[in-house]
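Notes follow once the structure below has been shown.
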Amino acid sequence: MVPLSWYLMLAAFLFSCGLYGALARRNAIAMLMGIELMLNAANINLVAFWRHGVGPMEDLTGQVFAVFIIGLAAAEAAVGLALIIAVYRERRTIDVEELDILAG
Amino acid sequence: MGDLGFIAPEIILLIGGLFVFCLDVAYDPGVGKKSGLSYMALSALFLSAALIAAVLQLDIEEPHVAFSMMTVDRFGSFIKVTIFSGMILTAIAGGRYINRRSGNQGEFWTFFLMVSLAMSIAVSANNLVLVYLAIEFLSITSYMLAGFLRENRRSNEAGLKYFLYGSIASAVMLYGISLLYGATGSLYLNDIAAAFAEIIGDAQEISGLAFAALPAMLLILAGLGFKASLAPFYQWAPDTYDGSPTPVATYLSTASKAAAFAVLARFFVVGMASFEVNWAPVLAAFSIITMTMGNLAALRQNNVKRMLAYSSVAQAGYILMGLVAVTSVSPSAMDGLNGVLLYLFAYLFTNVGAFLVVMALEEAVNSTDISAYQGLIKRAPWLAAMFTVFLLSLTGIPVTGGFFGKFYVFGAAIQRQYFWLAAIGMINAGIAAFYYLRVIQAMFFTQDDEAETLDVPMALQTSLLICTIATIWVGVYPSAVLDWVSDASVQLLTVVP
């Protein structure tokens, strides 16, 4: 069996990539992609911890939580894209640096 | 089936939200005849029913675990009563505002009820899956409400900014939860606490993943701190409050914040009890940065709505001070948790009131700038008087609720020997007085030549009056609220293993 630490390292790497993407990119859709990566990093963690038996095996908490997160990520992406489209319609840009009506 | 009775407030709100939604889809009175006010009245009705259900649970004898993931106790019920009251007052006052600006009132009030449902679930949840889902439910609905006026550039910018900051914060929190699951093998707060107590007690044999506990705690704090607008996660707050529809800003700065603090309190006091020595100083640092940043930024605002946004960041810092000073060992009257609850109660009515005054001015003269408030005492004496009460309460002057809130959190900090924390809090309260009093000065002592009397809608006046009465009531006669508060915090603290 692949050791737990490999999964955790993969998840940590994915999380860091996602966080970097979400913080460094100026395109709102690219930020959304970074956020999705972060959510999936947590999914890998949950399933890996479950597989390596941190709790009793018949307790499916980790798996079930991961399924919830997949559904939730879809809902979040839908709302996020809707907001991005609303902004795009008004100003023809989705560059977050140009969202500067509210400042001070 | 017996459990259903215990989650009555949630069921009422769910039915209410779906009912308003279906009504909006099914019933079409013809173009231009749709009245958002009837939807508002329905929402207020369902919220009132939920409020009554929550009040009935205020004197529950023992904490009851419903459906294994919801703890119904006095703590949760008190916060629910607070939240629902704020939502009702906001709904009544905001009906006309939304009616004038949007054609989709049915959707707005559906989301409004759903947001109340999400907050209600969040404050009761005792399992991190449910905590996460409720917080996300609350967040996603709030993103939509903040950006609800689609054609308004300010509103959709506010919505998008809130969305981007918010989903980063909640993804960070989720990663923290996944680490916590790995460290303890459970997501129930009680089991997590028990697992940590075992690890701490048995220092020889620290289990493999216990070291993940502290990073996990910080990551979760980042997510919840975002909802409560703690520094350094508060940057979204001024922009979002400023740009979103004022009724939405009102609940985001009060009810949603109260829910976030309830979740924070339950997570740290119940789940992380073994690590109190670790989290108390971290929270103290957050508290200091939050109040200082909030107050310094508020000082240079000329827009009253934005000033109130920064002020609500600073208030979050004071509330957090109470959480630092929680004594899990021997609950006393001066306990930090009492301070948190009393502060939240007083703050909710005060800040809802303050935002409603902003809404009244926005309706009447379409401006939130401080110049619009000049000579308000001549143009609308009652409005000016009530705003003065709210501003004094936010400053923490005696005879208002804000005074007792501050008194109890500062008292708790001093009792736990956080003298420096209390001292910095006092200095901050002094700084805050400048910008609150500046508005009072504008209202009373500057003349506006083209002064005309303001027309304040009846519904808004009623809400404002209730807020004023509640603010003064807590300030003059706090013992009634204090009884509920201390029962609530004793019940939360005694479940600590």
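The table that follows gives values for the structure above.
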{"item": "Of residues in the stretch A:12-32 being at the interface with chain B (Cβ under 7 Å from one of its Cβ atoms) and over 21 Å from A:Val67 (Cα atoms), the one surrounded by the most Cβ atoms within 10 Å (Cβ to Cβ)", "result": "A:Met31"}
{"item": "Residue in the stretch B:456-476 that is more than 24 Å from the chain's Cα centre (by Cα), of a type in the set (Val, Ile, Thr) and under 22 Å from B:Phe355 (Cβ atoms) present", "result": "yes"}
{"item": "Options B:Met40, B:Met70; residue that is under 14 Å from B:Ala118 (Cα atoms) and at pLDDT 90 or above", "result": "B:Met70"}
{"item": "Per-region count, the stretch B:410-419, residues more than 21 Å from B:Phe434 (Cβ to Cβ) and part of a helix (DSSP H, G or I)", "result": "6"}
{"item": "Count - residues of the stretch B:416-442 that are at pLDDT below 90 and crowded, with 16+ Cβ neighbours inside 10 Å", "result": "1"}
{"item": "Selection within the stretch B:49-67 - modelled with pLDDT of 95 or more and surrounded by fewer than 16 Cβ atoms within 10 Å (Cβ to Cβ)", "result": "B:Ile52"}
{"item": "Test: residue in the stretch A:71-90 that is more than 9 Å from every other protein chain (Cβ to nearest Cβ) and either part of a loop (DSSP other than H, G, I, E, B) or more than 30 Å from B:Thr240 (Cβ to Cβ) (or both)", "result": "no"}
{"item": "Hey, A:Gly104 at pLDDT below 95, within 7 Å of another protein chain (Cβ to nearest Cβ) and loosely packed, with under 14 Cβ neighbours inside 10 Å or not", "result": "yes"}
{"item": "Candidates B:Lys257, B:Lys305, filtered to the one that is crowded, with 24+ Cβ neighbours inside 10 Å and in contact with a helix residue (DSSP H, G or I) (Cβ under 7 Å, 6 or more places away or on another chain)", "result": "B:Lys257"}
{"item": "Answer residue from the stretch B:103-147, given it is among the β-branched types (Val, Ile, Thr) and farther than 20 Å from B:Asp24 by Cα and is surrounded by the fewest Cβ atoms within 10 Å (Cβ to Cβ) among those", "result": "B:Val129"}
{"item": "Qualifying helices (runs of 4 or more DSSP H) (wholly inside the stretch B:203-290; at least 2 residues being touching a residue at least 40 places away in the same chain (Cβ under 8 Å) and more than 30 Å from B:Gly95 (Cβ to Cβ))", "result": "B:213-227, B:255-265"}
{"item": "Scan of the stretch B:183-195 for residues that are surrounded by 24 or more Cβ atoms within 10 Å (Cβ to Cβ) and within 7 Å of another protein chain (Cβ to nearest Cβ), ordered by number", "result": "B:Leu187"}
{"item": "Scope the stretch B:140-164; condition assigned to a loop (DSSP other than H, G, I, E, B) and either under 18 Å from the mean Cα position of the chain (by Cα) or more than 9 Å from every other protein chain (Cβ to nearest Cβ) (or both); matching residues", "result": "B:Phe148, B:Leu149"}
{"item": "Residue under evaluation B:Arg150, criteria (1) crowded, with 24+ Cβ neighbours inside 10 Å; (2) over 26 Å from B:Ser489 (Cα atoms), criterion not met", "result": "(1)"}
{"item": "Lone unmet requirement of (1) aliphatic (A, V, I, L, M); (2) at pLDDT below 95; (3) closer than 30 Å to A:Leu99 by Cβ for A:Ile69", "result": "(2)"}
{"item": "Filtered residue count, the stretch B:344-371, keeping only those that are surrounded by fewer than 20 Cβ atoms within 10 Å (Cβ to Cβ) and either free of Cβ contacts under 8 Å to residues at least 24 places away in the same chain or small (Gly, Ala, Ser) (or both)", "result": "4"}
{"item": "The stretch A:87-101 residues that are more than 13 Å from B:Ala158 (Cα to Cα), paired with ones that are hydroxyl-bearing (Ser, Thr, Tyr) (beta carbon under 7 Å, 6 or more apart)", "result": "A:Ile94/A:Tyr88"}
{"item": "Filtered residue count, the stretch A:33-58, keeping only those that are farther than 14 Å from B:Leu179 by Cβ, of a type in the set (A, V, I, L, M) and facing another protein chain (nearest Cβ under 8 Å)", "result": "2"}
{"item": "Check on B:Ile83, in contact with a Pro (Cβ under 9 Å, 6 or more places away or on another chain) and crowded, with 24+ Cβ neighbours inside 10 Å", "result": "no"}
{"item": "Sole exception among (1) touching a residue at least 40 places away in the same chain (Cβ under 8 Å); (2) within 17 Å of B:Ala309 (Cα to Cα); (3) surrounded by fewer than 24 Cβ atoms within 10 Å (Cβ to Cβ) for B:Leu383, by number", "result": "(2)"}
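The values are calculated or read from the model by the stated rules, or taken from the named source; none is laboratory data. Since we're looking at a predicted model, the values are computed, not measured. Methodologically, a virtual Cβ is constructed for each residue, glycine included, from the backbone with ideal geometry; neighbour enumeration extends over all protein chains shown.
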